[in-house]
Every structure is written in C-alpha cells, then in structure tokens.
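The values are calculated or read from the model by the stated rules, or taken from the named source; none is laboratory data. All values derive from a computational prediction rather than experimental measurement. Neighbour counts are summed over all protein chains in view; Cβ atoms, including those assigned to glycine, are modelled from backbone coordinates with ideal geometry. For accessibility, only protein heavy atoms count, side chains too; no ligands or nucleic acids. Shrake-Rupley method; radii C 1.70, N 1.55, O 1.52, S 1.80 Å.
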Amino acid sequence: MKSISIFGCTGSIGTQALEILRQNKEQFSFDVFVCNSNTDKALEIVNEFNPEHIFMSDVAASNKLKESLSSGTNVLENISDVIGHLKARHSDIYLSAISSFDCIELTILAAESGNKLLLANKESLVVYGEHLVNISNRSGTKIVPIDSEHYSLMNSLNNIEKNDIDRIFITASGGPFIGQPLNEIANKEPKEALDHPNWSMGDKITIDSATLVNKCFELIEAKYLFDLDPGKLKVLIQPQSIIHSMVELKDGSVEAQMSLPSMIIPLSFGLLGEYSAKAKNNFSLDMFKEDIKLTISDFPKDRDKLIEISKDVMRNGGNRGLIFASINDFAVKKYLQGEIKFGEIYNLIFKHYSEMEKKEILSLEDLKHNQSEILEYLESF
Ligand code: NDP
Ligand code: MG
C-alpha cells in the first residue's frame, strides 16, 4: 500500500487524481490533503477518502469544515503543522497541484523526501526550478511531470540521447483566441478567455493558456525538468492538442508524442507507476478509426516578447522567473476581478519585467522576501 498526500485536492488536477484513486482505493492510504477554501468539496472528499489530515489555507473555511466533520480526519491548523507532520512521516507519493506558487514549501518538502513527486504545479519550477531540481536530485526524489507536454517529453527523452537532439518543440493549442492578433483580443471578457476549446482546467491556467503565458512557463518547466539548452526549445501551435511535443534529431527526423488531450494519462502513470491500460481504454486515440486532422503553425509573432522573457528567465535565472510569475499572477487576479482588460495583462508583464531589480535567489527565505518586495512594487502603481 502506498501513502499519498495531495496539495490542491479540490482542483481540476486534484479531482482527476482522485478519480483514479477511487478506482484503486485498496492500493493507497491517504495522508495529508491540502486545499484553500472550497469547504463543500473538501468535505465530500474527506467523507469519501478519509485522509488522516486535511489543511485548508483559508482559516474561515477551515473552521467551517471542522464544524461539519464527522470522520476521524484531523484538521491541521497552519502550514507549519503540515510541514511538521510530513517531515515526521514522509508520504510515498506527493501530488503538487496548487494553482500558484502559494505553499511552495510543500513542494520543496516533497522534493526532499526521496520518494515520488507528481509535479503539476509548474509555477514552482518557474520561480524556484534550479533549486527544486537540485533538491530532488540530491534526495533521489523521482519527479513525474503532470503536464501533457512534459509527460510526453519525458517519454521521448527516455529513448533519445541528448546529443542527438537539434530542437525540441512544445505545442500550444492556441487557446480560445487562436489566430486573432493582439489588438483584436485586448478587450476580451473573462467569460470568453475562460472558454478553452480543448481543456477543462482551473481558472488561472485557463487564462494563462489564453494569453499564451502558460506556454512560456512550460518552456522554463522543460528546461529545468530535463536540463535542456534554452536555445533548442521552441513553441508551435497545434490546435487539436493531440501532438504534445516533438523532438527533432540532428538528421532532421522528428519524433512526435501524441494522445488525446487528457490529464488522466500522465496522472495514471504517476499514481499507478505504470502505463495504464485503463487510461488507454478511456482515452484511446484510435488513430485508424477516426479521421483525425492535425495542423501545426507558428507561435504568433506579436507575442514573441513573451518568449524572449522566458528565454531570459532560462538563461539568467535568479529572481527572473519569480518576477515573471508574480507579475502574471497579479495581472490575472486583477483581470478575473474585472479590474483590468485582457490586453493589460501583456502590458503589465512587458513594462514591469524589464524594470524590476534582478537578483539571486539562494533560498526559500530569499524567494519569500523578494516575492513581497515585488508585490509591494506592483501594488504601488
Ligand atoms: P484549480 O484552480 O482547478 O485548483 C487549484 C487547487 O489549489 C484547488 O484545490 C485549490 O483549493 C488549491 N489552492 C489554491 N490556492 C491555495 C492555497 N493558497 N493554499 C492551499 N491550496 C490552494 O487548478 P488546476 O488543478 O487546473 O491546476 C493546478 C496546477 O496544475 C497549476 O499549477 C496548473 O498550472 C497545473 N496544471 C493543470 C492542468 C490542468 O489540466 N488543470 C494541466 C497542467 C498543469 P480550493 O479549491 O479550496 O480553492
Ligand atoms: Mg501543458
């Protein structure tokens, strides 16, 4: 039996993981579940899975949960309690699926465990990637990427010598505004931006997909996960979300990894530790039965500046990823609250990324300190 802790248990990734765990309950014991404020869903999950501990970041929500709990699950009061508990007893598997780099200390703790970390939370790699990967390498923690492009790359790179690679392409669906120039989408409403053509995901990543910032985060994610040369990493638009990545070898031949757009495939591999036949039953591409059209086009030129920023993050490290992710977080929250227009997200990133002070991040303390400096700076405008 494997013990598992899930950070972000009520979200889109967390819920899909629970769907797989529900079908394999006898193989798992449930250790610490973490979420923010969704008491109703947390209560449902606790009643069904009976984890030993639950932590909700939102204090009012946590108190409400405590009043309604009838099971033996212990409600942890604060993040230090979560850390204390997980340090005293490691889980075999951790799923990091919180929607921003809040609670990054939990992902770091999982990386220190020497066990298995299913890493959906790409923001933690963007802001702390080099350290997170070094920590995992030192402790022997196996990271399984829970991101369709990186899961597919993991599978390709298992069989390819790095020296034989010329370029690596990560694909983007293009989101709901595919093919539309920046000036035409500047006033798009959140309702439209949240209407993703291929994926059903949490709000933050869905907006990041609409702006294409998600793909820039994914370049950084790929660099750190697989120790790749930033110069070889490219993005292409693949509107059907069937080709997730392509690796071009030196002789011009290209290996593409394909599957239907489903997070159940990488999650099943991560949770069950094998390529799951059940995942195939539900999400077979059935290439020979269906008439599948695959198209590929270039990343939109008017968003090249985003790619330049990700290259700068990958080449120069330090707090650059934190600056990029923090401005984006700040802008997406404001957009979703109706305080700024869609186009303003780009303006805020382009303006402030170059202006903010670049410095080294050597520890979690540095990260937290710089994060509050960046927020203070952003709020002063
Ligand atoms: P959701 O918004 O659906 O879920 C977010 C989860 O994080 C919820 O459980 C939420 O709790 C919890 N959470 C948010 N803030 C906090 C906090 N401060 N403390 C504790 N818990 C918190 O996001 P997704 O599942 O879509 O995405 C999760 C991560 O996975 C992101 O990093 C995303 O980029 C990545 N990812 C997602 C994919 C997808 O298909 N969804 C694909 C690839 C990567 P509550 O519900 O209580 O608010
Ligand atoms: Mg992805």
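The test for being over 19 Å from residue 175 (Cα atoms), in contact with a Gly (Cβ under 8 Å, 6 or more places away or on another chain) and in a loop (DSSP other than H, G, I, E, B) holds for residue 358. Scanning the stretch 283-305 for residues that are in a helix (DSSP H, G or I) and either basic (Lys, Arg) or open to solvent by 100 Å² or more (accessible area, probe 1.4 Å) (or both) returns 301, 303, 305.
Scanning the stretch 205-230 for residues that are over 25 Å from residue 193 (Cβ atoms) and either among the hydroxyl-bearing types (Ser, Thr, Tyr) or in contact (Cβ under 8 Å) with a residue 60 or more places away in the chain (or both) yields a total of 7.
Looking across the stretch 217-247, the residues that are crowded, with 18+ Cβ neighbours inside 10 Å and assigned to a strand (DSSP E or B) come down to 233, 235, 237, 243, 244, 245, 246, 247.
Out of the residues in the stretch 112-140 that are more than 16 Å from ligand 1 (Cβ to nearest atom), part of a helix (DSSP H, G or I) and small (Gly, Ala, Ser), which is surrounded by the fewest Cβ atoms within 10 Å (Cβ to Cβ)?
The residue in question is 139.
Close contacts from the stretch 85-102, counting a first residue that is modelled with pLDDT of 95 or more and a second that is within 16 Å of ligand 2 (Cβ to nearest atom) and of a type in the set (Ser, Thr, Tyr), with Cβ to Cβ under 9 Å and a gap of 6+ residues or different chains, come to 96/124; 97/12; 98/124. Checking each residue in the stretch 25-63 for being hydrophobic (A, V, I, L, M, F, W, C) and surrounded by fewer than 21 Cβ atoms within 10 Å (Cβ to Cβ) picks out 28, 43, 59, 60, 61. Looking at this structure, is residue 99 within 16 Å of ligand 2 (Cβ to nearest atom) and either more than 26 Å from residue 205 (Cα to Cα) or surrounded by fewer than 23 Cβ atoms within 10 Å (Cβ to Cβ) (or both)? Spelling it out, residue 99 is indeed within 16 Å of ligand 2 (Cβ to nearest atom) and either more than 26 Å from residue 205 (Cα to Cα) or surrounded by fewer than 23 Cβ atoms within 10 Å (Cβ to Cβ) (or both).
Checking the conditions here, which among 168, 160, 178 is crowded, with 18+ Cβ neighbours inside 10 Å and not basic (Lys, Arg)?
168
Looking at the stretch 64-82, which of its residues are part of a helix (DSSP H, G or I), open to solvent by 40 Å² or more (accessible area, probe 1.4 Å) and under 19 Å from residue 103 (Cβ atoms)?
79, 80, 81
Taking residue 109 as the residue in question, decide whether it is touching a Leu at 6+ places or on another chain (Cβ under 6 Å), in a strand (DSSP E or B) and either of a type in the set (A, V, I, L, M) or without any contact (Cβ under 8 Å) to a residue 40 or more places away in the chain (or both). Judged against the criteria, residue 109 is not a match.
Contact map, the stretch 134-159: residues that are within 23 Å of residue 215 (Cα to Cα) paired with residues that are open to solvent by less than 50 Å² (accessible area, probe 1.4 Å) and hydroxyl-bearing (Ser, Thr, Tyr), Cβ distance under 7 Å, separation 6+ or inter-chain. Pairs shown: 143/136; 145/151; 149/171; 149/245; 152/245; 153/245; 156/245.
Scanning the stretch 238-274 for residues that are in contact with a helix residue (DSSP H, G or I) (Cβ under 9 Å, 6 or more places away or on another chain) and closer than 22 Å to residue 303 by Cβ yields 241, 243, 244, 245, 246, 261.
Take residue 135 and decide whether it is closer than 25 Å to residue 329 by Cβ and within 16 Å of ligand 2 (Cβ to nearest atom). Against the criterion (closer than 25 Å to residue 329 by Cβ and within 16 Å of ligand 2 (Cβ to nearest atom)), residue 135 does not qualify.
Evaluate the following for residue 143: is it among the β-branched types (Val, Ile, Thr), within 14 Å of ligand 1 (Cβ to nearest atom) and open to solvent by less than 50 Å² (accessible area, probe 1.4 Å)? Yes; evaluated as a whole, the condition is true for this residue. If you go through the stretch 199-239 and keep only what is over 23 Å from residue 158 (Cα atoms) and away from ligand 1 (no atom under 16 Å from the Cβ), you end up with 237, 239. Among the candidates 39, 73, the residue that is modelled with pLDDT of 95 or more and either touching a Cys at 6+ places or on another chain (Cβ under 7 Å) or more than 19 Å from residue 13 (Cα to Cα) (or both) is uniquely 73.
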